[in-house]
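A short write-up of the structure that comes next.
The values are calculated or read from the model by the stated rules, or taken from the named source; none is laboratory data. Because the structure is predicted, anything quoted here is derived from the model rather than measured. All Cβ positions, even for glycine, are placed from backbone atoms using ideal geometry, and neighbour counts span all protein chains on display. Only protein heavy atoms, including side chains, enter the accessible area calculation; ligands, DNA and RNA are left aside. Shrake-Rupley method; radii C 1.70, N 1.55, O 1.52, S 1.80 Å.
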Amino acid sequence: MKKVVKFGGSSLASARQFKKVESIIRAEKSRRYVVPSAPGKRFDNDIKVTDMLYDCYETAVMGQDFDKKLEKIKERYNEIIEGLDLTLSLDEDFKQIHDFFEKGVGKDYAGSRGEYLNGKIMAAYLGFDFIDAAEVIFFNDKEEFDAEKTNKILSARLEKVEYAVIPGFYGAMANGRIKTFSRGGSDITGSIVARAVKADLYENWTDVSGFLVTDPRIVKDPEPIETITYRELRELAYMGASVLHDEAIFPVRSEGIPINIRNTNDPSAPGTMIVESTCKKSKYTITGIAGKKGFATINIEKDRMNTEVGFGRKVLSVFETNGISFEHIPSGIDTMSVFVHQSEFEEKEQKVLAGIHRVVDPDVLNVESDLALIAVVGRGMRSTRGTAGRIFSALAHADINIRMIDQGSSELNIIIGVSNDDFEKAIRAIYDIFVTLRL
């Protein structure tokens, strides 16, 4: 058995948390490759080390004195080192960081140092080899992750190492310049390492016991999700569910490696298993509910629209020309609606409307704003009749007007549009009809 274990910022925020992590790793010899994040918040009003580094670097770039800010960051790490009774010194590392900040080496370098330094501490504490991610994770000249080069070099490097710590979040360009993934990218690093060593399991340890059916800020104590597929997770993550970086799926998916979301503060909890496919049935018809506010829809009506070849392409070309991406396009014989992010659309709305008039000459063209989209996702919906009907019924009973409904061809998800004001009420109504009434 070979496992890659990634620990989030809250799991490594203090010496006390480091000790929890150490006991988890020691509990199974199969936990051989560790991917740490930078120290997160120790308490509610605390500041994440990555944010401290970005702030410190911005101060340096503006030509202002940043010594005190850098010293506070150093104190955070020294506090962890002292709490673990280590003899490790990071003085030389901080001298280099100071010099590089003065030279304006780049924001990515600044952000990466949180994981780099935490990785050095973790390796010293565990007695594992430390491998700088800049030596084994690569980006191409377009600043895009180079999956194949990385996998080749990382696989060869780790084949010679039985136990190692590889910092998350960053890699390097061909010229050696540090490049980071998007925020939360340590999840991606863990997935990359899991692929490279052909791990049996990728454990992602955080401060929650896996995924929940819906947002606990909207529904009190929602049920946990035991097993979810990569595709279901992608759908939910796209609509705002955030426990795992959605880009972390791709490296392990190509190798069929499952991901287990676990809780550092409750290691006995089984968490959520993320798999490519499974014969296990969902506990409920749905797997999860997620959504976002802040959409607008452009409604187009034209008689005999369906007979006009290229109608949809012409409409969408207007959005493309104005640099606006669309979310959903529900349509009928003589109608077509385009859902977009309202914040992106507002500045260019008149250009877009004028453009649509020019290219398709609609009979009616209007805009609706302040809408929310809710995704109801679940592999169990394919084999269950009346899922959409139950959603309609639940929302009607809650006196919520449905502005749009769109079901994907995979029958894996149903997207519902409602007003922003009805967003939370709609999620609670859907949760109740599928989950609460089954308990």
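Quick notes on this one:
- Applying the set (1) surrounded by fewer than 19 Cβ atoms within 10 Å (Cβ to Cβ); (2) hydrophobic (A, V, I, L, M, F, W, C); (3) in contact with a Phe, Trp or Tyr (Cβ under 9 Å, 6 or more places away or on another chain) to Phe130 leaves exactly one unmet item: (3).
- Pair list, Cβ under 7 Å, 6 or more apart: segment 154-176 residue within 18 Å of Lys3 (Cβ to Cβ) and acidic (Asp, Glu), other residue at pLDDT below 95 and open to solvent by less than 30 Å² (accessible area, probe 1.4 Å): none
- Top-ranked residue of segment 190-241 - restricted to ones that are assigned to a loop (DSSP other than H, G, I, E, B) and acidic (Asp, Glu), ranked as farthest from Val34 (Cα to Cα): Asp221
Residues are listed down the side, and each one gets a yes or a no for (1) part of a loop (DSSP other than H, G, I, E, B); (2) under 30 Å from the mean Cα position of the chain (by Cα); (3) at pLDDT 95 or above; (4) not hydroxyl-bearing (Ser, Thr, Tyr):
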site	(1), (2), (3), (4)
Ile73	no, yes, yes, yes
Tyr77	no, yes, yes, no
Leu88	yes, no, yes, yes
Glu92	no, no, yes, yes
Ile97	no, yes, yes, yes
Gly104	yes, yes, yes, yes
Lys120	no, yes, yes, yes
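- Close pairs from segment 120-134: first in contact (Cβ under 8 Å) with a residue 24 or more places away in the chain and under 16 Å from Arg157 (Cα atoms), partner open to solvent by 50 Å² or more (accessible area, probe 1.4 Å) and part of a helix (DSSP H, G or I), Cβ under 7 Å, at least 6 apart: Phe130/Lys120; Ile131/Arg157
- Residue in segment 419-435 that is part of a strand (DSSP E or B), open to solvent by less than 30 Å² (accessible area, probe 1.4 Å) and modelled with pLDDT of 95 or more present: yes
- Of all residue pairs spaced 6 or more apart or on separate chains, those with beta-carbon atoms under 6 Å, a first member in segment 309-337 that is in contact (Cβ under 8 Å) with a residue 24 or more places away in the chain and a second member that is open to solvent by 50 Å² or more (accessible area, probe 1.4 Å) and of a type in the set (Phe, Trp, Tyr) are Phe319/Phe326.
- Residues that are more than 15 Å from Gly119 (Cβ to Cβ), free of Cβ contacts under 8 Å to residues at least 12 places away in the same chain and part of a helix (DSSP H, G or I) occur at least once in segment 26-46.
- Filter pass, Asp51 being surrounded by fewer than 22 Cβ atoms within 10 Å (Cβ to Cβ), assigned to a helix (DSSP H, G or I) and without any contact (Cβ under 8 Å) to a residue 24 or more places away in the chain: yes
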